[in-house]
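Step one of this worksheet: look at the structure below.
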Amino acid sequence: MGSSSAHRARIRCRALIGSVAALVLTVGAVSAGCRDDQVELRWPGGQARFAVEVADTDAARSRGLMFVEDMPRSAGMLFVYESPRRATFWMKNTLIPLDMIFADASGRVTKVHANAQPQDLTTIDGGEGVKLVLEINGGLAARMGIAPGAELRHPSIADPAWSCAQ
């Protein structure tokens, strides 16, 4: 199996495993505690949980979701940087539209870039102070109501706005 095939298989496998309890919209509560393979978000009027693959190395961040042909609604990729920075992306070799949710070191969403188009080489600028970027299926953030000010939690956040202990 080639590296892109293996990468797609990992994404699908994690998404299927996580889909059992993966996506919680306005109904119910997101459980307390955090898992490395999940990201939880909350905002006025909604909550969600996504099964994620974490990209926390230069190699994993460079590869991102390239060559992934489809992704379950409840899945995504979480990019984690060592320190806050200006984060820029492009869609070269990315085959599906994506929403990019940019967050600061506390996990507070600072920007949402909706519907990044497959294969587009235009730079997508998340701005300064970005520590985390969650990529999900294109159009999903708007349908759910995820916007700047939402809070994201994951074990990689050292000083979170929304603690894993809550």
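The values are calculated or read from the model by the stated rules, or taken from the named source; none is laboratory data. Because the structure is predicted, anything quoted here is derived from the model rather than measured. Every residue, glycine as well, gets a Cβ built from its backbone with ideal geometry; the counts of neighbours run over all protein chains shown.
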*Give me the pairs, please: first residue somewhere in region 113-135 and of a type in the set (Ser, Thr, Tyr), second residue anywhere and buried (at least 19 other Cβ atoms within 10 Å of the Cβ) and outside any loop (DSSP other than H, G, I, E, B), beta-carbon distance under 8 Å, and either six or more positions apart or on two chains.*
Thr123/Phe89
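Of the residues Val24, Val54, Val68, Val30, only one is of a type in the set (A, V, I, L, M, F, W, C), under 19 Å from Cys164 (Cβ atoms), at pLDDT 95 or above and not in a helix (DSSP H, G or I); which? Quick ask: steps written out before the conclusion?
On the way: Val24 fails: at pLDDT 95 or above; Val68 fails: under 19 Å from Cys164 (Cβ atoms); Val30 fails: at pLDDT 95 or above.
It is Val54.
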*Go through region 79-95 and count every residue that is in a loop (DSSP other than H, G, I, E, B) and surrounded by 17 or more Cβ atoms within 10 Å (Cβ to Cβ).*
3
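Based on this model, can you work out whether Gly76 counts as surrounded by 14 or more Cβ atoms within 10 Å (Cβ to Cβ), in contact with a helix residue (DSSP H, G or I) (Cβ under 8 Å, 6 or more places away or on another chain), modelled with pLDDT of 95 or more and not aliphatic (A, V, I, L, M)? Talk me through it step by step, then tell me what you get.
Working: surrounded by 14 or more Cβ atoms within 10 Å (Cβ to Cβ): yes; in contact with a helix residue (DSSP H, G or I) (Cβ under 8 Å, 6 or more places away or on another chain): no; modelled with pLDDT of 95 or more: yes; not aliphatic (A, V, I, L, M): yes.
When the stated conditions are applied, Gly76 does not pass them.
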